[in-house]
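Heads up: the structure comes next, in structure tokens.
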Amino acid sequence: MIKERGRSVIIGLNLKKLVRGDRKTWNEFVDRFSPVIYAAVWKIFRTHLTDVNDCDVEDAVQGVFLRLIRDDFRLLKSYNPRRASPVTWLTIVTRSTAIDCLRRRKLATVSLDAQGPDISAPRRPTGTATVKIIPPGILSPRQELVLKLIFDRGMDAGEIAGLLGVSPQTIRSTRHKALVKLRKFFSSKD
Amino acid sequence: MQRDMEQNKEDELLWQRYRDNIDRGAPGVCPDANSLAAYLEGNISENTLREIEAHLAGCPDCLTALEELRSLLDLPAGNVPVRITERAKELVNPIPRPGEIRPLSGISWLRTVGWAAAAACIAAAGITGMELGSQVVINRQQLTKGADLFPLTGTNIFNLK
């Protein structure tokens with residue numbers, strides 16, 4: 001992303017003109033990013049469906065673009081080019097939209113329970129609290145996350161490293177430190 | 001080997017004991033698209049990183065989404081059928097097909113009249129200038145003001161850019 005003279009630019013596109021509905025800018029945006037959206041929809045549908053239909057993919061891609069412009073480009077206006085590239089942001093939007101499409105059509109043969117973050121508005125999970133005896137703060141968020149991925153999801157250091165965007169050595173080190181902390185904590189309690 | 005397996009089993013039991021008894025509280029608000037995108041690209045502050053990873057530790061939906069998003073970001077771009085891009089382009093300021101008559105809304109009518117009036121003024125000024133043999137100067141301020149009053153966000157019948 002290039003920022004010049006106070007205007008935000010997505011790889012040569014003027015974001016302000018885009019969200020004002022400038023046709024030329026919109027067409028360039030479609031040409032530039034439809035391959036990313038299209039590929040993502042195909043992959044998501046193949047993951048969740050046994051039989052992928054061209055029309056379903058086409059409708060889902062159109063659904064992504066519709067979502068971007070709905071309510072006077074509300075979602076597209078929410079994009080902050082300073083924080084991430086448009087490809088990454090659009091991939092998140094595409095995944096969310098594709099999952100919604102699948103859910104509405106009730107075509108899934110694989111579980112659709114994992115929807116992921118709601119990109120339209122923040123949400124808080126519901127649930128009842130139970131009494132827990134270990135106070136928070138024993139492990140750092142990353143340490144807890146790494147142990148969860150190792151022991152609950154059966155992932156290895158390489159896979160976790162790829163997921164969290166760090167090196168496998170960092171994961172092994174995090175694992176080691178976390179377990180040292182837990183041993184120390186529980187030995188003081190027992 | 002045997003010792004490693006036993007150690008691993010002990011480690012797993014430690015984790016389970018912690019996991020089942022930690023007073024984690026609610027996992028908090030799921031990250032929005034901007035925050036998640038920044039996290040995926042590693043373009044994030046240490047504090048925000050901790051917040052997101054704390055949330056991921058307690059939100060299986062977001063964790064699954066993260067896994068799927070990582071694999072999606074590695075995909076090569078696809079060859080998009082032309083009909084798909086054409087259909088998407090028609091979503092914004094579609095060009096009327098030959099013979100298609102579109103009723104104008106109140107605001108669109110005003111815009112149209114405003115630009116028609118501006119065009120008429122320019123044409124009249126040009127003709128007058130040629131007749132007088134002198135250079136015609138268009139009042140750019142008035143033209144810009146006209147554009148502000150009638151912003152072109154609807155169908156562009158007069159393209160005066």
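Figures for the structure shown
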| read-out | value |
| --- | --- |
| Residues that are surrounded by 19 or more Cβ atoms within 10 Å (Cβ to Cβ) and within 7 Å of chain B (Cβ to nearest Cβ), drawn from the stretch A:37-61 | A:Tyr38, A:Ala39, A:Ala40, A:Lys43, A:Val61 |
| Residue list for the stretch A:132-162, filter: farther than 20 Å from B:Lys9 by Cβ, surrounded by fewer than 16 Cβ atoms within 10 Å (Cβ to Cβ) and either modelled with pLDDT of 95 or more or not small (Gly, Ala, Ser) (or both) | A:Lys132, A:Ile133, A:Pro135, A:Pro136, A:Gly158 |
| Members of the stretch A:9-36 that are among the β-branched types (Val, Ile, Thr) and at the interface with chain B (Cβ under 8 Å from one of its Cβ atoms) | A:Val30, A:Val36 |
| Qualifying position, being under 18 Å from the mean Cα position of the chain (by Cα) and in a loop (DSSP other than H, G, I, E, B), among A:Ala84, A:Ala39 | A:Ala84 |
| A:Pro168 farther than 30 Å from A:Glu58 by Cα and modelled with pLDDT of 95 or more | yes |
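A quick yes/no check of all residues on (1) within 7 Å of another protein chain (Cβ to nearest Cβ); (2) in a helix (DSSP H, G or I):
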position	(1), (2)
B:Leu49	no, yes
B:Glu53	yes, yes
B:Leu63	no, yes
B:Leu66	yes, yes
B:Arg70	yes, yes
B:Gly78	yes, no
B:Arg83	no, yes
B:Arg87	yes, yes
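The values are calculated or read from the model by the stated rules, or taken from the named source; none is laboratory data. Just so it is clear, the structure is predicted and the values come from calculations on it, not from any experiment. Neighbour counts run over all protein chains shown; Cβ positions are idealised from the backbone, glycine included.
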